[in-house]
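Here's the structure, in structure tokens; my notes come after.
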Amino acid sequence: MKILHISKGDIKGGAFIAAYRIHCSLREKNIDSYMWVDTKISNDPTVMTTEHTFLNKKLAILKTVPTRILLKIMKKDNRVIHSPSFLSSSWVKKINESDADVINLHWVNREMLSIEDIGMIKKPLVWTLHDMWAFCGMEHYAKDNRWREGYQKHNKPKNEFGFDLNRWTWNRKKNIGKNQFKL
């Protein structure tokens, strides 16, 4: 069995380190495991990334601009990281064309994979939840119960103003999840 771990990074950051440890543990058990990341720091040959060309670096920086603009629109009290994950990437095609039998998603935010990209993965998926993002709106940690009740107008926090980006993001997850995930 070949397992492909997808993570934003490998050895810098809590979720990335956890993903890398899982990958290494599987390899120690002689399971064919490898990792694809946006940001590779280790020198591990079983961890691969896209080429770090000048153009790829600039595109990665440019992908953060629309997200920052969206987050400025949303006036919120919750200071935890928020990820709308709405920009498509080239990862889905690579994942679907890979020889992996199982895909293990880890922390895939900061526009590594869009929500819609996740819905287009054709291989069996395991999603290791390093935070609450997979079942919340944009927030990675929720201070309220909207993720349980559903993101409705009536339960929007009084200290959030403007367009309800958490509800928009949650609905996008709900729509792609009908075939693969249960929210």
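FYI, it's all coordinate maths here, none of it is from the lab. Since the structure is predicted, the reported quantities are computational estimates derived from the model, not experimental observations. As a convention, Cβ positions derive from the backbone with ideal geometry for all residues, glycine included, and neighbour counts pool all protein chains shown.
Of the peptides 108-118, 25-35, 153-163, the order by per-residue mean of other Cβ atoms within 10 Å, starting with the highest, comes out as 108-118, 25-35, 153-163. Listed peptides 133-142, 8-17, 88-97 appear in the order 133-142, 8-17, 88-97 once ranked by packing, highest mean of other Cβ atoms within 10 Å at the front. Note on residue 127 and residue 71: their simple-model spin labels are 2.1 nm apart, each label 7 Å out from Cα toward Cβ.
Expressed to the nearest 5 percent, the antiparallel share of DSSP beta bridges inside the chain is 10 percent.
Using the rule -39500 (n - 2.57) for each DSSP H run of four or more residues, divided by the residues of the chain, the 222 nm mean residue ellipticity is -11000 deg cm²/dmol. Each of 38, 99 has some number of other Cβ atoms within 10 Å of its Cβ, and from fewest to most they run 99, 38. Charging the Cβ of each Asp and Glu at -1 and of each Lys and Arg at +1, and nothing else, the dipole of the stretch 2-180 about its Cα centre rounds to 680 debye.
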